[in-house]
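Read-outs throughout are calculated quantities, based only on the coordinates presented, and are distinct from any laboratory measurement. Quick caveat: nothing in here was measured; it's all calculated off a predicted structure. Heads up, the Cβs are rebuilt from the backbone with ideal geometry, glycines too, and the neighbour counts pull from every protein chain shown.
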Amino acid sequence: MYDALPILQSGTVVNGFESYVLTSEDGTAHTGLVKRETAGAVYLRNADQRVQRVPRDQIKSMLRSPLSAMPEGLDAVLTKQELADLVAFLETCR
C-alpha cells in the first residue's frame, strides 16, 4: 500500500477535483484527477493536463489524496474576478 501521502489535509476539495494517487504493481506512483474509468483502465489527468491510462490489472492501490491540487492561500493573492475565472477554467477541464 502507498504510505508516502502527507498527513496534512486541505480544507475543502470540490467534488470532481479530487486528486488521486494510483500505485502500480511495480511501485510507480501516478497522480492526477480521474478523467474517466473503464472496466480495463483508469485515466488520470496530471498537472500538465496530459491524460495517462493506467491499466486496472497493474493498479496495486488507488487512494484519494487528502491534499488539494490548488495551492494553499491562492484566494489571498487573487481577486474575486480572478478566482471566478479560475473556477470557470477548471470547469472546462473536467
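Descriptive notes on the structure:
- Here the calculated FRET efficiency for residue 25 and residue 49, from their Cβ-Cβ distance with R0 = 22 Å, stands at 0.25, rounded to the nearest 0.05.
- Residue 75 sits among other residues whose Cβ lies under 14 Å from its own Cβ, and their net charge, with Lys and Arg +1 and Asp and Glu -1, is -2.
- Each Lys or Arg adds one and each Asp or Glu takes one away; over the other residues whose Cβ falls under 13 Å from the Cβ of residue 30, this sums to +3.
- Taking label positions 7 Å along the Cα-Cβ direction at both residue 34 and residue 89, the computed distance is 2.6 nm, reported to one decimal.
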